[in-house]
1. Which residues, counting only those in the range 205-236, are surrounded by fewer than 16 Cβ atoms within 10 Å (Cβ to Cβ), part of a helix (DSSP H, G or I) and either of a type outside the set (A, V, I, L, M) or modelled with pLDDT under 95 (or both)?
2. Check every one of the helices (runs of 4 or more DSSP H) wholly within the range 95-169 and list those with 1 or more residues that are among the hydroxyl-bearing types (Ser, Thr, Tyr), in contact (Cβ under 8 Å) with a residue 40 or more places away in the chain and out of contact with any strand residue (DSSP E or B) (no Cβ under 9 Å at 6 or more places or on another chain).
3. Which members of the range 57-94 meet the condition of being assigned to a loop (DSSP other than H, G, I, E, B) and touching a helix residue (DSSP H, G or I) at 6+ places or on another chain (Cβ under 8 Å)?
4. Please tell me if Ala70 is modelled with pLDDT under 95, among the aliphatic types (A, V, I, L, M) and in contact with a Leu (Cβ under 8 Å, 6 or more places away or on another chain).
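The values are calculated or read from the model by the stated rules, or taken from the named source; none is laboratory data. Only a predicted model underlies this, so the values are computations on that prediction, with no experimental measurement involved. Here the Cβ is made from the backbone with ideal geometry for all residues, glycine too, and neighbour counts use every protein chain on show.
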Amino acid sequence: MEDWRLEPARDLELVGADRHRSYYRESGLVANIARFGWWTMMRASLKVLHRLKVHGREHLPQYPSFVLVANHASHLDAMVLGSTLPLRLRDQLFPLAAGDVFFHTPALAAFSATVLNALPVWRKKVGAHAIRKLRERLIDEPSIYILFPEGGRTRDGSMKPFKSGIGMMTAGTSIPVVPCHLSGTFEAFPPESFIPRLHRVSIRIGKPRTFEHLENRRPGWDEVSRTLETDVRALAATTAGRNTNTTNKPPTTDPAP
């Protein structure tokens, strides 16, 4: 048996915005309570206002670490993905959010870090060191990332090619990556809107993949992104096929007396 050791929190010397933006940020009681309230509210509102339907929930890993990846059409997307998970995992859930949007002011950074538990990704100056820190946290600590490999929200509803960041985080590791497809979030909360609309939203969750067989180098990163993009597009086609079949289903008639 190993001797028990007391280790200080890695964010102990960080304060204010530096702590909120840190990849080594740790949770406290206030944040825990705030996240419980937030995710409880989000689950209820998505169910009532958007009639959220989840397909394939059985594919979700039971325990961290793992990554959820999906198409990105709306600010609702991370909320929908997070709402598919048990509330007990709220402190291990880290949406990866655009730093220039969610962390550009102290007040917004405090909300994003404390309530959403988001980690910043600086789109205009993201470097290998930032990806490396995210990869290390994913491997070393129980963590669940929400990641949108397109790198930004679609402006016309169509899915864009996946970038290689997800490969840089997971190639050569046994971390499960779960492909998901979101439907209806673009219509419910398009980029130009300020208030969500009442529209049905659904998510289809695919089987997780691991990429330990790939090298943590450019060819491996690109293979990860191509594979996951193919998976998400296949889930989208399944959703579209089910919707078409439902729409074209002939009406039932009562048998003649």
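1. Scanning the range 205-236 gives Arg218, Pro219, Arg226, Thr230, Arg233.
2. 106-114
3. The answer is Pro64, Ser65, Asn71, Ala73, Ser74, Leu76, Thr84.
4. no
The rows are residues; the columns are (1) within 22 Å of Leu134 (Cα to Cα); (2) without any contact (Cβ under 8 Å) to a residue 60 or more places away in the chain.
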| position | (1), (2) |
| --- | --- |
| Tyr24 | yes, no |
| Met42 | no, yes |
| His55 | no, no |
| Ala70 | yes, no |
| Met79 | yes, yes |
| Pro86 | no, yes |
